[in-house]
Amino acid sequence: MIELIKNFFESLKERIKNPLIGALAFSWFFINWKIVFVILFSKQTIENKITHIESNYIEFCSNYFYPICIALFYVIIVPYILQFIEW
């Protein structure tokens, strides 16, 4: 059992170290901060929170497309920009 937990945390650690996943999580949070704040700080019931989020904040571009584009830009293009600046 301890070995299973140890493997789980090692796997989680490797995923967090992956720059694409970290950039994707950060960009998603940056774009969709209102969703997180509604979930964490609203005094409504969970059903009302879900209804409010679904009706006001769920869009394909802001939930998927923009964060993926920002993360890919950060992981692929930014290293070249930094290399050019250093040169």
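Points to keep in mind about this one:
- Under 30 Å of direct C-alpha separation, and excluding same-chain neighbours fewer than eight residues apart, K6 reaches these lysines: K17.
- Accessible surface for the chain, divided over its residues, is 88 Å² per residue with a 1.4 Å probe.
- Using the alpha carbons alone, the radius of gyration of the chain stands to its Kirkwood radius in an Rg to Rh ratio of 1.13.
- Cross-link partners for K34 among the lysines, with Cα-Cα distance under 16 Å and sequence neighbours closer than 8 places in the same chain left out: K43, K49.
- Accessible-area composition of the chain, carbon plus sulfur, in percent [1.4 Å probe]: 71 percent
- Among 76-87, 19-30, sorting by the average number of other beta carbon atoms lying within 10 angstrom of each residue, highest first, gives 19-30, 76-87.
- Unit charges on C-beta of K, R, D, E only; dipole of the chain, Debye: 200 debye
- Taking 0.36 nm per residue of sequence separation and removing the Cα-Cα distance, the E47/N18 pair yields an extension gain of 7.0 nm.
The values are calculated or read from the model by the stated rules, or taken from the named source; none is laboratory data. Quick caveat, the model's predicted, so the values are computed rather than measured. Neighbour counts run over all protein chains shown; Cβ positions are idealised from the backbone, glycine included. For the accessible areas, the whole protein counts, side chains as well, though only heavy atoms, and no ligand, DNA or RNA atoms are used. Shrake-Rupley method; radii C 1.70, N 1.55, O 1.52, S 1.80 Å.
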